[in-house]
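For reference, the structure is listed below as structure tokens.
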Amino acid sequence: MGVEPQWVPSEREIAAAKLTDFARFAAARTGSPFPDYHALWQWSVADPVAFWGAVWAYFDLGPEPGTVLAATDMPGAQWFPGVRLNYVDQVLRHARAGRPAIVHVSEDGSSRELSWAELLGRTASFARTLREHGVSPGDRVVGYLPNIPEAVIAFLATASLGAVWSACGQDYTAKAALDRLGQLEPVLLVTADGYSYGGRTFDRRDEIATLRAGLPGLRATVAVRHLGSEVPGALDWDAVATTGNGDSAIAVGGAAATADENGFATGELITEQVPFDHPLWVLYSSGTTGKPKGIVHGHGGVLIEHVKSIVLQLDIGPDDVFFWYTSPSWMMWNFQVAGLLAGATIVTYAGNPAYPAPDALWALAARTRTTVLGTSPGYLLGCIKAGAVPRRDHDLSALRSVGITGSSLPPSSALWLRDAVGERVQVNSISGGTDVVAPFAGSVPTVPVWPGELSVPMLGVALDAWDATGAPVRGEVGELVVTAPMPSMPVSFWDDPDGSRYRAAYFDIFPGVWRHGDWITITARGSIVVHGRSDSTLNRHGIRMGSADIYQAVEALPEVAEALVIGVELPDGGYWMPLFVTLAPGIELTAEVKQRIATAIRTEVSPRHVPDEIVPAPGIPHTRTGKKLEVPIKKIFQGGDPTQVVARSAVDDPDLLDWYAAVRPTSSDRT
């Protein structure tokens, strides 16, 4: 017998879905009906010009473009040539009175709401401040911030000018932040005095001083008094991001639209019209080898991909409250901000999702009347182990969908969501990446959900699973590939003038085809099972991290000769991250040495980079050219045969492979 679905949409839910309305719109536009989601998806990838043209028209993103896709090369696809727009225009179109734009909640129980008028008024005011400091299109504005409303405002103000935004959370040290933000040579820094997490406050003013010293091109620093302290030498946020005088107009694309049309008045917000592929923000790879790569995304590609994903796939609209537990360091922060593109209320939270109790995130969802909640498999596992029953202890009557990303969701956790959260709450497990700042696959409101599976490939995503020869496979594990361009694929990598690093990242294995680095199985029913990373990226608690940051901290210690870290996805949905260390001569791995290693990682990188276990090793295996064998060792720890995962002739000390296989623990050893 086949696996039974855990959630099946009702006829009423299918009829009310925004996806169903879009299918009718597309059918009228093309003259061809779409009887089900699979037919709609097939059309979306077979005729991308017609599909993305229909998305543009359905969301009224601007005048009908003359050309949708001028070149289909990967990389190098040319989307909507000649179109000029601004991401922020779509936010302005959905601004309205009567509901908040942002709800912010804190660990201490306090909360505040920002109306659309206040959001746009402060955005307009901060945009004026940026102009006063000479910020112009293409300049970089960076954030070192917790997940607070001021981060959203700073991003929107930056984008409205055509300047480029980039940010990371304050759990990163100044050194780790500089490895990212320092590449961009920013002209302005937005920060906060510190943040709260797990009932503690963390004053980051010393880290801010170090960060500023490493950014010599800064014209100004603006600081939020999040903990109530002044940051020396910085402009005060409240002084430069006021709510405005309340009687000015909003200007969309430079053409003023009166505030009365939107039901409120706000300060003047004028958006700079930029080309479709003009940089919007820079996100970062995990930095597995060397410094993190800056991934540049464009205004238009992000806009059209996000309205499609948010509205059609997640079914979010103006009456929704969208809350994804995230950080400015992670692409899901950018994805959640896209809720504003649909007129939804978004929730920002900068604390621990399991403080003061394991089910704290569910309590926050109940309090904010969240309709679409996002979290990670690791958090769910913690709730399961704690015996939490959110539907019993919290009013989740408003909740209709739980989004999951960051790592694979095991069937047991999916069924726990059904039983402990609600059988009519859809599990919206998605898989995508920082690289495209969007999902490749997930769930939709018109297709059943099966435990441990992603229901469908997303519209416009030509997703496939290939074996090592480039042949499609079904019902067995293959590499996740995308065989046609997506609008939100990177415009470029930062400081990669000839595109060589970009091509090497995705297209070296299968030229002209995007290889993402995930192992997936496409089932007979067209659903997708994600098995985890096929490369060496660490993906812990839903946050992708790089091993390079850890090595920099650990290998600087005199006690450590070399180190290797891997992350292993466990069958129960957990994640085990051991650090193997080769010690200097005469050194033993005592409790004191372990503590010194953990402290170095915590202080030099961040607490979340601290491994689950520190293991002494006789050596670290490398390729003949000196690269650590992170991927093969991970495969061995996931049960792979050492004779199959890597050719021994390619290893500098092949006997080490046998040692790692011998110390590979069983599941029971890790529980």
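Based on Cα contacts under 8 Å between residues 6+ apart, segment 333-488 shows a relative contact order of 15 percent.
Taking each residue as 0.36 nm, the span from Asp653 to Glu613 lengthens on full extension beyond its C-alpha to C-alpha distance by 12.0 nm. Ordering Asp435, Asp236, Asp612 by accessible surface, largest first, gives Asp612, Asp236, Asp435; the 1.4 Å probe counts only protein heavy atoms, with every chain in place. For the chain, the per residue solvent-accessible surface stands at 36 Å², with DNA, RNA and ligands left out and a 1.4 Å probe.
Within segment 414-490, the trypsin sites (Lys or Arg not before Pro) that combine a DSSP coil assignment with at most 15 other C-beta atoms in a 10 angstrom radius are Arg424, Arg474.
Ordering Phe323, Gly422, Gly403 by Cα displacement along the dipole of segment 318-445 toward the positive end leaves Gly422 in first place; charges were set at the Cβ atoms of Lys, Arg (+1) and Asp, Glu (-1). Rank Ala591, Met577, Pro358 by how far each Cα sits towards the positive end of the charge dipole of the chain (+1 on Lys, Arg Cβ; -1 on Asp, Glu Cβ) and give me just the farthest. It is Pro358.
Placing unit charges on the Cβ atoms only, positive for Lys and Arg and negative for Asp and Glu, gives the chain a dipole magnitude near 300 debye about its Cα centre. Given +1 at the Cβ of Lys and Arg, -1 at the Cβ of Asp and Glu and no other charges, the dipole of segment 392-513 around its Cα centre is 380 debye to the nearest 20. Given the pairs Lys385/Lys635; Lys308/Lys385; Lys385/Lys628; Lys18/Lys634; Lys308/Lys634, which are separated by over 31 angstrom at their Cα positions? Beyond 31 Å between Cα atoms: Lys308/Lys385; Lys385/Lys628; Lys18/Lys634; Lys308/Lys634. For Ala239 and Asp108, the FRET efficiency from 1/(1 + (r/R0)^6), where r spans their Cβ atoms and R0 equals 35 Å, is about 0.90.
Spin-label model, Asp21/Ser397: points 7 Å from Cα along the beta carbon direction are separated by 2.5 nm. For volume of the Cα convex hull per residue in Å³, several values are listed as (1) 150; (2) 160; (3) 279; flag the one computed from this structure. Recomputing volume of the Cα convex hull per residue in Å³ here picks out (2). Of the residues Gly470, Ser534, Val449, the one whose Cα sits farthest toward the positive end of the charge dipole of the chain, with +1 on the Cβ of Lys and Arg and -1 on the Cβ of Asp and Glu, is Val449.
Only helices reaching 20 angstrom along their own axis (Cα) with mean Kyte-Doolittle hydropathy no lower than -1.0 count here, and for the DSSP H runs of the chain these are 116-132.
The gain in end-to-end length when the His531 to Ala39 segment is fully stretched comes to 174.5 nm, 0.36 nm per residue minus the alpha carbon separation. Under a model in which nothing but the beta-carbon of Lys, Arg (+1) and Asp, Glu (-1) is charged, segment 537-625 shows a dipole of about 200 debye around its Cα centre. For the pair Ser136 and Ala70, a Förster radius of 30 Å applied to the C-beta separation gives a FRET efficiency near 0.60, rounded to the nearest 0.05. Spin-label model, Val663/Arg367: points 7 Å from Cα along the beta carbon direction are separated by 4.4 nm. Computed over the chain, the per-residue total of -39500 (n - 2.57) for DSSP H runs of n ≥ 4 gives a 222 nm mean residue ellipticity of -8000 deg cm²/dmol, rounded to 500.
Tell me the carbon and sulfur percent of the accessible area for segment 123-176, rounded to whole percent, probe radius 1.4 Å. Carbon and sulfur together cover 49 percent of it.
The simple Förster model, with R0 at 56 Å and r as the Cβ-Cβ distance, assigns Glu476 and Ser32 a FRET efficiency of 0.95.
A crude spin-label estimate for the pair Arg424 and Glu4, with each label 7 Å from Cα along the Cβ direction, gives 1.9 nm.
The values are calculated or read from the model by the stated rules, or taken from the named source; none is laboratory data. All of these numbers come straight from a predicted model, not from anything done at the bench. Counting neighbours? That spans all protein chains shown, and the Cβs are built from the backbone with ideal geometry, glycine included. When the accessible area is computed, the model is the full protein with side chains, heavy atoms only, and any ligands, DNA or RNA have been set aside. Shrake-Rupley method; radii C 1.70, N 1.55, O 1.52, S 1.80 Å.
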